[in-house]
Amino acid sequence: MRVYDSQPLDVAKTFADSGAGLIHVVDLDGAFAGHGSPNRSIVSELVRVGIPIQFGGGIREIDDIEELVSNGVARVVLGTLATESIDTLKTIVERFGEAIAVAIDARDGRVMSRGWEQTTELRATELSSVVATAGVKRIIYTDIGRDGMLSGVNIEQTNAVARAGSISVTASGGVGSLDDLGTLRDEADGWVDSVIIGKALYEGRFSLKDAIEATS
């Protein structure tokens, strides 16, 4: 584990000042602790920054979603729940609409769940089609093999996931340079309309302002 900053609120303010359109927050403890994660209390502070907050990690109950939305979270990201109960997912989407997105995290094309510890039999493209049928409007697709490696986005698989569901996709995992962003901009399917950048920013590979310009 590497700690880049001990003050999430300060980081969020920096991103907002640099022109971020949305801040993506992952509760890493939540993937294992669920509702008991100590990070949930940070959410009410982050929403005061003034730009939309997208929050995921360990959200397994409808009450969790209700609490986050009530606290001002713009979009709640579901992972394991979406892979384990499509009926529950449908009920959630009917209630919360576009405030719900689904994270599809995959290794070698197969969906991983429970904090990336369990491999399912589902292929990422299959799950994309299923969640689109449930009414979900956005997927955050992460190629686990690329995440944190700064080696570029798996554009081919990201496009495949988008086309399988005819659904808006946010690319995630692998961005390491402005060239990576330029390649994604030029080669991404029309359904792929956004990208999450994390490690590359924290390690100073480029600025957020330059990243926004590179993807304009």
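The values are calculated or read from the model by the stated rules, or taken from the named source; none is laboratory data. Source: prediction; values computed, not measured. Neighbour counts run over all protein chains shown; Cβ positions are idealised from the backbone, glycine included.
Remarks
- One residue from THR125, THR158, THR133, THR215 being of a type in the set (S, T, N, Q) and modelled with pLDDT under 95: THR215
- Sole exception among (1) more than 30 Å from LYS13 (Cβ to Cβ); (2) outside any helix (DSSP H, G or I) for SER128, by number: (2)
- Wholly enclosed helices (runs of 4 or more DSSP H) of the range 1-102 bearing at least 2 residues closer than 22 Å to ILE167 by Cα: 80-84, 86-96
- Filter result for SER207 (closer than 19 Å to GLN157 by Cβ, at pLDDT 95 or above and of a type in the set (S, T, N, Q)): no
- Some residue of the range 60-74 being within 21 Å of ILE144 (Cβ to Cβ), crowded, with 16+ Cβ neighbours inside 10 Å and among the polar types (S, T, N, Q): no
- Subset of the range 160-206 (residues that are crowded, with 21+ Cβ neighbours inside 10 Å and of a type outside the set (A, V, I, L, M)): GLY165, THR170, SER172, GLY173, GLY174, ASP180
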